[in-house]
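The values are calculated or read from the model by the stated rules, or taken from the named source; none is laboratory data. Quick caveat, the model's predicted, so the values are computed rather than measured. Don't worry about glycine lacking a Cβ; one is built from the backbone with ideal geometry, like all the others, and counts go over all protein chains shown.
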Protein chains: 2
Amino acid sequence: MGKHGAEEGREAGTAQRRRLDQAAELCAKRGQTLTPLRRRVFEIVLAADRPLGAYDVMEILARDRGRVAPPTVYRSLDFLVSQGLVHKVLSVNGFVACSASARPHDAQLFICGSCGSSVEVAKKSHAGLIEEEAAALDFAIESVVLEVHGRCHACRLATANPTVHP
Amino acid sequence: MGKHGAEEGREAGTAQRRRLDQAAELCAKRGQTLTPLRRRVFEIVLAADRPLGAYDVMEILARDRGRVAPPTVYRSLDFLVSQGLVHKVLSVNGFVACSASARPHDAQLFICGSCGSSVEVAKKSHAGLIEEEAAALDFAIESVVLEVHGRCHACRLATANPTVHP
DNA sequence: CGTCATGGCGTTACTTTATAACATGACATC
DNA sequence: GATGTCATGTTATAAAGTAACGCCATGACG
Ligand SMILES: [Zn+2]
Ligand SMILES: [Zn+2]
Ligand SMILES: [Zn+2]
Ligand SMILES: [Zn+2]
């Protein structure tokens, strides 16, 4: 993925530290462990303001721990996804922290093609409609990928202002 | 992608030939050309009973034309997608023929994890809901990815039969 | 205590998917 | 016949993801 802006903060704020602790607790409740590596990967994803590619995470990890191989980071990311802490964003081959963090669910994401930011909204209404359609097909739903692409509010405002330099 | 079953029929039936001719006409109307290569690629995708990977298409193409390089097939597939004749299926890295073939649109696909088949349904109702949510975020939608995973009718019936390939 | 199963991680090597960059050919237009 | 364009060929490489094996810490069990 692309270069970084202010996205990958080395030190998490208090809010994020609490998120991490909550996550650890959540995993523990399920008999799973948020190991130091997994915790650090989650921290990295949390600190980003947009979906990060697995190789981005690798690169950031490398600053702490030296070279890390792809399987290491993929395993951690997959774990976090399995715990519902992180969502995989297919349309950008990336991973983004779940903004709800309740329990595992399919995310609905609005992804900006300009700045790359993504916003998760609680999926509600159309879930019902999709289920209806599935029922009509006698199709047993296991998961739903719903990713909306376009331009976010901030980027639309920026476009109106021609004062941005290339 | 996986190995093939009865999916990649060398000779198209009459129905498919008509689809191809319609497609050619459609492209022409837009000042675009369905060249022999593009036509053949479309034919291959049409003949498949499930999404094909670009490299699957390459392999099938190779039977006719000898070795074909990735850019060749990706370009043709991208063209077909741009014409709305084919949909890209992100969640399986594949390409499937549009079953409506009207004009370009975002597809809603039901994809079976057992047999790999995919069914396209006309997206209607929830489009409105997504638009509402987008409006609330002041987000300008450009495209929507909606892929539902699960088990299709046929595979659910076959559940007793362990003869379905994993 | 030993030993055995387990889970998490490291490492190597590899596969699959996709694109950049540049060259060629065909055909239109001036 | 030069110039532009579009589609395709070609080479090389990037980007994303996985298989397979082995190590070590932990904890159960005799
Ligand atoms: Zn979420
Ligand atoms: Zn934006
Ligand atoms: Zn369609
Ligand atoms: Zn099926």
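Annotations for the structure displayed:
- A count restricted to segment B:35-72 and to residues that are in contact (Cβ under 8 Å) with a residue 40 or more places away in the chain and in contact with a Ser or Thr (Cβ under 7 Å, 6 or more places away or on another chain) stands at 4.
- Matching residues in segment B:107-122 - criterion: being in contact (Cβ under 8 Å) with a residue 24 or more places away in the chain and more than 8 Å from ligand 3 (Cβ to nearest atom): B:Q108, B:L109, B:F110, B:I111, B:C112, B:G113, B:S114, B:C115, B:G116, B:S117, B:S118, B:V119
- Failed condition for B:S143, given (1) more than 24 Å from B:M58 (Cα to Cα); (2) within 16 Å of ligand 4 (Cβ to nearest atom); (3) of a type in the set (S, T, N, Q): (2)
- Restricting segment B:97-153 to residues that are of a type in the set (V, I, T) and more than 16 Å from ligand 2 (Cβ to nearest atom), the residue that is farthest from A:C115 (Cα to Cα): B:V119
- Test for A:S82: is it farther than 19 Å from B:E133 by Cα, polar (S, T, N, Q), exposed (fewer than 15 other Cβ atoms within 10 Å of the Cβ) and away from every other protein chain (no Cβ under 14 Å): yes
- Helices (runs of 4 or more DSSP H) completely within segment A:18-111 that count 3 or more residues being in contact with a Phe, Trp or Tyr (Cβ under 8 Å, 6 or more places away or on another chain) and more than 16 Å from ligand 4 (Cβ to nearest atom): A:70-82
- Some residue of segment A:137-158 being without any contact (Cβ under 8 Å) to a residue 24 or more places away in the chain, more than 7 Å from chain B (Cβ to nearest Cβ), within 26 Å of A:K29 (Cβ to Cβ) and outside any helix (DSSP H, G or I): no
Table: residues versus (1) modelled with pLDDT under 95; (2) within 30 Å of A:L157 (Cα to Cα).
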residue	(1), (2)
A:P36	no, no
A:R40	no, no
A:E43	no, no
A:D49	yes, yes
A:L52	no, yes
A:Y74	no, no
A:L80	no, no
A:G84	no, no
A:L90	no, yes
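- Against the conditions (1) of a type in the set (G, A, S); (2) modelled with pLDDT of 95 or more; (3) away from DNA strand D (no atom under 16 Å from the Cβ); (4) exposed (fewer than 14 other Cβ atoms within 10 Å of the Cβ), A:A160 satisfies every one except (2).
- Exactly one residue out of B:S76, B:S91 is within 14 Å of chain A (Cβ to nearest Cβ), under 30 Å from A:K88 (Cα atoms), within 14 Å of DNA strand C (Cβ to nearest atom) and among the polar types (S, T, N, Q): that is B:S91.
- Check on A:V89, in contact with a helix residue (DSSP H, G or I) (Cβ under 8 Å, 6 or more places away or on another chain) and either within 23 Å of B:A136 (Cβ to Cβ) or touching a residue at least 60 places away in the same chain (Cβ under 8 Å) (or both): no
- Residue check for B:V96: among the aliphatic types (A, V, I, L, M), closer than 19 Å to A:L129 by Cα, at pLDDT 95 or above and in contact with a helix residue (DSSP H, G or I) (Cβ under 8 Å, 6 or more places away or on another chain): no
- From the options A:L46, A:L26, A:L34, residue that is within 17 Å of A:A102 (Cα to Cα), more than 14 Å from every other protein chain (Cβ to nearest Cβ), away from DNA strand C (no atom under 16 Å from the Cβ) and surrounded by 13 or more Cβ atoms within 10 Å (Cβ to Cβ): A:L46
- Of all residues in segment A:112-122, those being within 10 Å of another protein chain (Cβ to nearest Cβ), surrounded by 17 or more Cβ atoms within 10 Å (Cβ to Cβ) and more than 11 Å from the chain's Cα centre (by Cα) number 2.
- Of all residues in segment B:99-109, those being surrounded by 22 or more Cβ atoms within 10 Å (Cβ to Cβ) and either touching a helix residue (DSSP H, G or I) at 6+ places or on another chain (Cβ under 8 Å) or within 10 Å of chain A (Cβ to nearest Cβ) (or both) number 2.
- B:D138, sole failed condition from (1) at negative phi; (2) in contact with a helix residue (DSSP H, G or I) (Cβ under 7 Å, 6 or more places away or on another chain): (1)
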